[in-house]
1. Tell me which residues come under 5 Å, amide H to amide H, from TYR105 once H is placed; ignore anything under 5 positions away on its chain.
2. Could you derive backbone 3J(HN,Hα) for segment 72-84 from the dihedral phi with the Karplus parameters 6.51, -1.76 and 1.60 (θ = phi - 60°), listing whole Hz in sequence and x where the residue is Gly or Pro?
3. Can you say what percent of the DSSP beta bridges in the chain, counting only those with both residues inside, are antiparallel? Round to 5.
4. For the chain, what does the relative contact order come out to in percent, with C-alpha contacts under 8 Å and a separation of six or more?
5. Looking at the chain, which longest stretch skips every one of the trypsin sites (Lys or Arg not before Pro) that is in a DSSP loop with at most 11 other Cβ atoms within 10 Å, leaving the sites themselves out?
6. To the nearest 10 Å², what's SER164's accessible area with a 1.4 Å probe?
7. Stretch PHE163-ASP245 to full length: gain in nm at 0.36 nm per residue minus the Cα-Cα span?
8. Report the paramagnetic label zone for GLN254: residues of segment 110-138 whose backbone N is under 16 Å from a point 7 Å from Cα along the Cα-to-Cβ axis.
Amino acid sequence: SYPKSGNTWVRLFLANYLMPSDQPVGINDVARIGTGDAMLRHYHAVSGGRFDSTDIYGTIRLRERVLRGIVGNNADINFVKTHTRRTVVSGIDLFPPQYTKSAIYVIRNPLDMVLSYARHFSMTHEQASEAVCHSDNALAPDAKNVAQFLGSWSDHVASWTSFSAYPVLVLRYEDLLQQPETEFAKLIKHVGATMSAERLQTSIRHSSFDQLKQQEQQQGFIERAPKDESFFTKGQAGVWRDELDPALVKRIKQANKRLMKQYGYWND
């Protein structure tokens, strides 16, 4: 997904469904359900030493080896979190089909997403709005992750929802909120897990926003940005109507008109 579009929520639902228990899976245990394609430790491993995360071209060159290493454990399925746009950089396919069985793409109204994006990355609404409308937008490398290539919101959505050599399940964040049983059932079917109505209901409850927020208040969350007061804030749709300046609404809609219309966000 584009950052702040529901990626973590979906991963926690999967963790609860695939590792059923009477108690919710801890939010800091979400890594048990998979890994991330931008994690610096993978690049250290395949480079045979301490990889310099500021080496952008080195990151691109090593990516194929990183993905090969992730899927090289003979598991039936490896879940891999990504925020990277599906594209080719310097002749290198960032998501080569030989390492990709399928994809789950979570999409969110950019007018709401940009508010969470601004808060998470300590930006003003104006800065975040400019970033998500820019084709060169990326996440800079840090102490845990290499660079992640995003592009604009439209670039990102188009890259993941256009023709693909492998199946892509598109889930709208807003639909997950409004009809979780229907939408999360699609997810279970997509990953090939056995469907259980009881486990579905329990997993939805164990990964509810209130549950996740309560866990974060009690134990913190390792994926929270250092300057972010909380990772799980409101978990609602339509907040932009009260919080986003009309001029920024216009800016984002002008830059993303076609895809916003295609996915039902233009008149939301």
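1. For TYR105, the qualifying residues are LEU169, VAL170, LEU171.
2. x, 9, 6, 6, 4, 9, 10, 7, 10, 6, 8, 10, 7
3. Numbers: 5 of 12 bridges.
Roughly 40 percent of the beta bridges in the chain run antiparallel, per DSSP.
4. Details: 337 pairs, mean separation 65.7, N = 268.
Worked out over the chain, it gives 25 percent.
5. Values: sites that count: ARG50, LYS227.
It works out to 51-226.
6. SER164 has an accessible surface of roughly 30 Å² with all protein chains in place.
7. Working: separation 82, 0.36 × 82 = 29.52 nm, distance 3.50 nm.
Length gained between PHE163 and ASP245: 26.0 nm.
8. Counting backbone N atoms under 16 Å from the label point, the list is 126-127, 129-135.
The values are calculated or read from the model by the stated rules, or taken from the named source; none is laboratory data. Since this is a predicted model, take the numbers as computed values, not measurements. Cβ coordinates were reconstructed from backbone atoms using ideal geometry, including for glycine residues, and neighbour counts include every protein chain displayed. Calculation scope for accessible area: heavy atoms of the full protein, side chains included, ligands and nucleic acids excluded. Shrake-Rupley method; radii C 1.70, N 1.55, O 1.52, S 1.80 Å.
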